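Got a structure for you, questions after.
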Amino acid sequence: MNITARRDNKVIRSIQERDRYLEDRLPALHQATESGPIAVYGAGKHTAHLFEHFGALLPAVAFVLDDNPEAWGQLIEGVRICDPGTARPEEVTAVVVSSDAAEAVLAARAQEWVGQIEEPARRPSVCRLYDGCEFAYEKRVRKGQRKRRHHKLGPFYGAHRLEPTFNALYDEGLESADVGDNEWRRARFYNLINLLKLTAGLDGFTAEAGCFRGQSSYLICRTRAEQEAGDPFDGSTHVIVDSFEGLSEPTQPDGSFSAKLYEAGAFANTSVEHVRGALRAFPGVRIHKGWIPAVLGELEDVPYRFVHVDVDLYEPVKDCLEYFYARLVAGGVIVVDDHGPVPNGSYPGCAIACQEFSARVGVPFAPLSAGNAVFVKRG
Ligand SMILES: C[S@@+](CC[C@H](N)C(=O)[O-])C[C@H]1O[C@@H](n2cnc3c(N)ncnc32)[C@H](O)[C@@H]1O
């Protein structure tokens with residue numbers, strides 16, 4: 001199926017036009033895959049481009065399939081390329097066909113692959129990105145490909161990949177929260193945990209605004225448990241706020257990507273019970289269900305040493321910065337998850353909220369290359 005179940009019969013004339021087309025299509029993919037891991041069919045340049053520029057918009061990619069035996073076992077932007085003869089379709093919820101000009105051929109191969117599962121209803125869906133499109137930019141593709149050779153090191157090769165302790169913790173978090181992986185998120189959460197460690201020994205609570213299924217709160221609590229081993233950490237000085245119903249309505253600064261996520265009902269697949277389960281080792285965690293800003297009024301007025309703001313949108317990011325910065329102890333840190341750079345500025349509202357807050361309060365902040373941004377409270 002086409003992920004948006006419509007045929008556009010569009011002529012795409014440049015890579016830039018193709019990128020805009022993808023940006024429009026990809027949010028619907030999350031709904032089509034029910035947030036499960038996906039496979040990508042085709043290990044060519046299209047997939048490298050997709051991962052490099054749209055990694056943050058993709059659901060977790062379990063593996064890439066390719067019919068070329070020479071590619072098997074290699075990595076493409078950190079994801080393993082597998083033999084369709086041995087990779088199991090049961091492990092994914094969808095297969096995204098990753099090619100422009102050869103999409104129809106690869107889609108047929110993907111259909112064969114999912115056809116190994118006898119019962120049609122149990123087969124992963126085969127998602128075509130460009131069904132009905134025609135491509136008319138052969139020369140420009142070649143130019144773009146030549147240029148890429150000089151920019152081979154993408155974000156997926158970041159330092160976080162070389163830290164086995166962090167990666168083991170991160171993988172535990174994926175399992176506890178029962179969410180798929182995403183290389184951009186892995187890089188951002190590497191920063192998150194290292195910044196949390198900087199606040200060790202300061203007084204105050206930790207907090208997370210926007211927990212979804214509990215992955216980053218799990219990482220925060222586990223790290224605190226290690227840091228505070230002398231005084232076993234039961235979670236009671238960690239606060240979570242979330243609607244547990246997904247995003248609030250985006251506003252003008254948020255741009256079109258958030259609007260599409262909102263329409264697709266993204267991040268609603270969670271509950272307080274699920275997060276309690278993910279954080280069962282920390283039964284004292286204070287979970288507050290409700291919409292920001294109203295829910296912030298229900299919190300006990302306590303000082304904070306570290307806050308993770310991961311609510312994606314201009315209004316709630318702005319409200320959280322106002323609320324938590326005022327309660328941050330000297331040396332305390334706020335990490336905003338979605339500042340950017342992210343491909344094509346997917347969450348522009350977060351960056352605008354950070355810039356406006358910084359200008360209004362007269363406090364600088366540091367945007368990091370993985371996409372998160374850091375505020376530190378001065379003494
Ligand atoms: C990207 S997810 C958070 C991801 C999470 N930190 C993790 O580790 O997976 C964004 C979260 O923000 C929440 N959210 C967005 N807008 C909100 C608002 N106005 N009030 C409360 N929660 C909100 C959503 O429910 C969602 O769980």
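The values are calculated or read from the model by the stated rules, or taken from the named source; none is laboratory data. Quick caveat, the model's predicted, so the values are computed rather than measured. No Cβ is skipped: glycine too gets one built from the backbone with ideal geometry, and neighbour counts run over all protein chains shown. What goes into the accessible areas is simple: the full protein's heavy atoms, side chains included, and nothing from ligands, DNA or RNA. Shrake-Rupley method; radii C 1.70, N 1.55, O 1.52, S 1.80 Å.
Give the aspartates and glutamates whose C-alpha is closer than 18 Å to that of Lys289, dropping any in the same chain fewer than 8 places away, or say none.
Glu208, Asp242, Glu245, Glu249, Glu273, Glu298, Glu300, Asp301, Asp310, Asp312, Glu315, Asp319
OK, next. Nearest 5 percent is fine: what portion of the DSSP beta bridges confined to segment 11-152 is antiparallel?
10
Kindly report the accessible area of the chain per residue (heavy atoms of protein chains, probe 1.4 Å, no ligands, DNA or RNA), in Å².
Per residue, the chain has an accessible area of 45 Å².
Place a +1 charge on the Cβ of each Lys and Arg in segment 159-376 and a -1 charge on the Cβ of each Asp and Glu, then give the dipole magnitude about the Cα centre in debye, rounded to the nearest 20.
Dipole size: approximately 360 debye.
With the full set of protein chains in place, find how many percent of the accessible area of the chain is carbon and sulfur; take the probe as 1.4 Å.
Carbon-and-sulfur percentage of accessible area, whole number: 51.
Tell me, what HN-Hα J-couplings in whole Hz come from the Karplus equation 6.51 cos²θ - 1.76 cosθ + 1.60 at θ = phi - 60° for each residue of segment 360-374, using x for Gly and Pro?
Whole-Hz 3J(HN,Hα) from phi for segment 360-374: 5, 8, x, 10, x, 9, 10, x, 9, 5, 6, x, 8, 9, 10.
Could you tell me what percent of the DSSP beta bridges with both partners in segment 52-129 are antiparallel, to the nearest 5?
Of all bridge pairs located within segment 52-129, approximately 25 percent are antiparallel.
Which residues' amide hydrogens lie under 5 Å from the amide hydrogen of Glu208, considering only partners 5 or more residues apart or on another chain, with H built in the peptide plane?
Val239, Ile240, Val241, His308
Of the options His30, Trp184, Asn167, report the single residue whose Cα projects farthest towards the positive end of the charge dipole of the chain (beta-carbon charges: Lys, Arg +1; Asp, Glu -1).
Farthest towards the positive end: Trp184.
Rounded to whole Å and ordered largest first, report the semi-axes of the equivalent ellipsoid of the chain derived from its Cα gyration tensor (root of 5λ).
38, 22, 20
Further, regarding this structure: Roughly how many whole Å is it from the C-alpha centroid of segment 184-242 to that of segment 28-106?
32
Sticking with this structure for a sec: For the chain, what does the helix formula give at 222 nm: sum of -39500 (n - 2.57) over DSSP H segments with n ≥ 4, over the residue count, nearest 500 deg cm²/dmol?
-11000 deg cm²/dmol
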